[in-house]
Amino acid sequence: PAGEMGLEPLFQAWSYFRRRKFRECADVCSQLLERPPSEQELDSEYTVFQAAWNLKTRALTEMVYVDEIDMDQEGIAEMILDENAIAQVARPGTSLKLPGTSQGGGPSPAVRPVTQSGRPITGFVRPSTQSGRPSTMEQAIRTPRTALTARPITSASGGNVRLGTASMLTNPDGPFINLSRLNLTKYAQKPKLAKALFEYIFHHENDVKNALDLAALATENAQFKDWWWKVQIGKCYYRLGLYREAEKQFKSALKQQDMVDTILYLAKVYLRLDQPVTALNLFKQGLDRFPGEVTLICGIARIYEEMNNINSAAEFYKDVLKQDNTHVEAIACIGSNHFYSDQPEIALRFYRRLLQMGVYNCQLFNNLGLCCFYAQQYDMTLSSFERALFLAENEEETADVWYNLGHVAVGIGDLNLAYQCFKLALVNNNDYAEAYNNLAVLEMRKGHTEQARALLQTASSLAPHMYEPHFNVAILSEKVGDLQRSYTAAQKSEEAFPGHVDTQQLLKQLKEHFAML
């Protein structure tokens with residue numbers, strides 16, 4: 001019987017699948033599955049029933065599919081209760097937990113803000129840049145400002161759908177496949193069906209244990225010669241937190257079949273084990289076999305950026321652009337690097353390139369506004385910020401724009417406007433430590449010492465990794481004669497930014513004063 005447009009229903013479903021209309025594809029397959037399963041396809045080992053089952057499984061998987069390579073969110077438990085640490089005190093430049101202090105000649109924290117883990121802010125938000133590695137439980141529970149959530153992710157499956165909920169979303173009548181009644185051994189002997197079923201269990205049902213059982217049976221059935229199954233077992237082990245077992249599987253798969261994806265998965269394992277140097281070597285070996293592979297060069301650049309080696313990161317991002325000149329992440333990171341290296345005109349060229357490519361969002365116009373202001377192209381500054389406010393999708397983005405407008409107002413000397421802008425930033429995002437700090441400076445200029453102190457205390461408790469609030473508290477306390485509090489705050493400031501000259505001078509003065517007493 002013919003379906004819509006006079007097409008055979010199975011072909012119609014396949015056509016929907018090819019056009020990424022997964023909901024319609026699943027519906028047509030459901031109708032086929034309700035028919036009697038006796039009709040056999042000619043010249044094929046498949047029945048129509050099996051083909052429809054396979055296609056529906058794939059359609060449902062695609063609806064909730066997330067690429068495992070890029071989706072890497074560390075929850076509080078993974079960060080704080082990490083049992084995989086090899087050395088508690090790693091050598092400088094070999095750990096992501098203790099990034100070196102700008103050994104790559106990048107700008108200092110006085111010029112380029114840092115995240116709570118001590119790394120400079122990147123030009124592009126990725127899962128690994130959002131969480132950072134907090135040093136204490138208290139700091140982990142305080143949400144980093146870039147995460148855009150009210151609380152940190154609480155487990156490795158933060159980005160995955162909870163068990164069983166995806167099937168409710170895609171199948172109102174209940175789950176399509178009842179996993180508890182599946183005979184996995186039977187399916188493992190049918191490689192074509194087994195692969196579709198594995199992806200369904202892993203991505204759609206998010207049942208890693210059953211997926212692992214199926215993969216183990218299937219790889220055994222393939223006499224351990226199929227690299228694809230080894231990669232899938234590695235993915236399951238990674239999700240379960242068994243990183244060393246995952247490493248073995250990925251290495252074994254690489255021996256059988258050299259694949260870029262497998263290299264990326266293996267590098268993820270090394271980064272989770274906090275072995276960035278091993279991951280770098282792996283990427284570089286991969287580049288020998290796959291010269292010019294963008295994802296590998298980009299992986300190297302990300303690691304250098306996380307290790308605070310900004311110059312090397314910029315070099316590799318430029319290599320990425322030689323291979324793919326529309327790579328958004330590379331353009332954004334090089335642009336932000338130029339901006340913080342006091343070259344706003346060059347940064348402006350990179351951000352304009354993104355605009356030409358069709359990137360049209362609040363963050364881009366925000367950056368264009370700042371670049372125009374610092375490059376003294378004042379005619380474009382306010383219109384860019386207006387566009388950014390119009391495009392802002394949530395309150396955090398709106399707060400960022402108002403905060404930057406406050407900076408523009410300070411730059412042109414309109415302190416009343418600056419005061420209003422910082423206030424508006426706080427209305428939109430109550431946890432904006434930088435805005436509290438700058439409001440405090442404006443209050444100090446007005447002579448309102450108590451308000452300034454209260455604002456600075458809020459800023460330093462919200463962002464203990466920033467040195468500015470601590471330093472401002474130290475200056476304020478010293479002015480009113482509270483030398484002990486000034487000394488304590490100055491020490492915190494030095495801890496956050498050891499190379500800050502003004503803090504060192506203040507500490508020296510206070511020590512001399514205490515010596516006289």
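The values are calculated or read from the model by the stated rules, or taken from the named source; none is laboratory data. This structure is a prediction, so every number in the text was calculated from the model and none was measured. As a convention, Cβ positions derive from the backbone with ideal geometry for all residues, glycine included, and neighbour counts pool all protein chains shown. In case anyone asks, the SASA skips ligands and DNA or RNA and just uses the protein heavy atoms, side chains included. Shrake-Rupley method; radii C 1.70, N 1.55, O 1.52, S 1.80 Å.
The relative contact order of region 433-516 comes to 22 percent, based on Cα pairs under 8 Å that sit 6 or more residues apart. Accessible-area rank, largest first, for TRP229, TRP14, TRP402: TRP14, TRP402, TRP229, with all protein chains present and a 1.4 angstrom probe.
Per residue, the average separation of C-alpha pairs within less than 8 Å and at least 6 apart gives region 361-517 a relative contact order of 12 percent.
In this rough spin-label picture, where each label sits 7 Å from Cα along the Cβ direction, the THR449-THR185 distance is 8.2 nm.
Under the simplified labelling scheme, the ARG485-GLU24 pair shows an inter-label distance of 6.8 nm, with each label point 7 Å from Cα along Cα→Cβ.
Share of carbon and sulfur in the accessible area of region 179-290 stands at 50%, probe radius 1.4 Å.
Scalar couplings 3J(HN,Hα) for region 301-309, obtained by applying the Karplus form with A = 6.51, B = -1.76, C = 1.60 to θ = phi - 60°, are 4, 4, 5, 4, 5, 5, 8, 6, 9 Hz; x denotes Gly and Pro. Sorted largest first by accessible area at a 1.4 angstrom probe radius, with every protein chain in place, the residues PHE224, PHE497 fall in the order PHE224, PHE497.
Pop out the carbon and sulfur fraction of the accessible area of region 433-516 as a percent, whole number, probe 1.4 Å.
With neighbouring chains kept in place, the figure for region 433-516 is 50 percent.
The heavy atoms of GLU395 present about 110 square angstrom of accessible area, all protein chains included, probe 1.4 Å.
A DSSP coil position with no more than 15 other Cβ atoms inside 10 Å describes the following trypsin sites (Lys or Arg not before Pro) in region 183-225: LYS225.
In terms of distances greater than 20 angstrom between alpha carbons, the cross-link table entries LYS251/LYS284; LYS195/LYS235; LYS192/LYS225; LYS209/LYS248; LYS446/LYS492; LYS190/LYS248 yield LYS446/LYS492; LYS190/LYS248. For region 57-67, the Karplus equation 6.51 cos²θ - 1.76 cosθ + 1.60, evaluated at θ = phi - 60°, returns couplings of 4, 5, 5, 5, 5, 4, 5, 10, 5, 10, 5 Hz by residue, with Gly and Pro reported as x. About its Cα centre, the dipole of region 433-516 is roughly 140 debye, where the only charges are +1 on Lys and Arg Cβ and -1 on Asp and Glu Cβ. Within the assembled protein chains, the solvent-accessible surface assigned to THR449 is about 50 Å², based on a 1.4 Å probe. The phi torsions of region 182-188, fed into the Karplus equation with coefficients 6.51, -1.76 and 1.60 and a -60° offset, translate into couplings of 6, 8, 4, 4, 5, 5, 4 Hz, rounded to whole numbers, with Gly and Pro shown as x. If the chain linking MET357 and LEU33 were pulled fully straight, counting 0.36 nm for each residue of separation and taking away their Cα-Cα distance, it would gain 112.2 nm. Per residue, region 433-516 exposes 51 Å² of solvent-accessible protein surface, assessed with a 1.4 angstrom probe and all protein chains in place.
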